[in-house]
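Notes follow the structure.
The values are calculated or read from the model by the stated rules, or taken from the named source; none is laboratory data. Everything quoted here is computed from the prediction, not taken from an experiment. Heads up, the Cβs are rebuilt from the backbone with ideal geometry, glycines too, and the neighbour counts pull from every protein chain shown. Only protein heavy atoms, including side chains, enter the accessible area calculation; ligands, DNA and RNA are left aside. Shrake-Rupley method; radii C 1.70, N 1.55, O 1.52, S 1.80 Å.
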Amino acid sequence: DKFYFNEIDCLDENTCFAAAEGDTGAYIYSTLDGGKTWTQAISEPAGNSIMALRCIPTTQICYAAGGIQSRTDFTGMFYVTTDGGKTWALESQLKGTYVFSLSFISETSAWGSVFLPSKQGELIRFQ
């Protein structure tokens, strides 16, 4: 399986997460031991992408985002962990949006660079 990494972010010196994608799908890998071992935390099928990954300092919360691209549309996908990466879940989907990056200003508010088919590139605020 060939893939490449799009993003990495850490909660602390031991706990980091990396977003990856390739021909067979999209993935989030995690390390809880400072990079000695990496474990696949999420695996999404081919056609999915995980481009952005950001952790909120002083919390156990991290978000990852990307999307699914079809011939006619996009669907933004948002994943979250609230327990320091032990579990991840698909939190929401946003039709017509493809997410490239995230930056959090609080636990409930972030900015993202996205692709919207109607406007091309755009900066939007998520709350």
Problem - Cα convex hull of the chain - mean projected area over all directions, nm² - result: 7.5 nm²
Exercise for the section: Two decimals is fine: what's Rg over Rh for the stretch 1-76, C-alpha atoms, Kirkwood radius as Rh? Expected result: 1.01
Exercise for the section: Could you point to the residue in Tyr98, Thr82, Ile61 farthest towards the positive end of the chain's charge dipole, with +1 and -1 charges on the Cβ of Lys/Arg and Asp/Glu respectively? Expected result: Tyr98
Exercise for the section: Report, in whole Å, the centroid distance computed from the Cα atoms of the stretch 45-84 and the stretch 4-41. Expected result: 13 Å
Fill in the blank from the handout: A 1.4 Å probe over the protein heavy atoms gives the chain a carbon and sulfur accessible-area percentage of 52 percent
Handout entry: Sites Thr87 and Thr24, calculated FRET efficiency, Cβ-Cβ separation with R0 25 Å, nearest 0.05
Key = 0.65
Exercise for the section: Please list, or write none, the aspartates and glutamates whose alpha carbon is within less than 18 Å of the alpha carbon of Lys86, excluding same-chain residues fewer than 8 places away. Expected result: Asp9, Asp12, Glu13, Asp33, Glu44
Practice task
Specify whether the C-alpha gyration tensor of the stretch 57-127 places it in the rounded, prolate or oblate class, a ≥ b ≥ c being the square roots of the eigenvalues: rounded for a/c under 1.5, otherwise prolate if a/b is larger than b/c and oblate if not.
Solution key: oblate
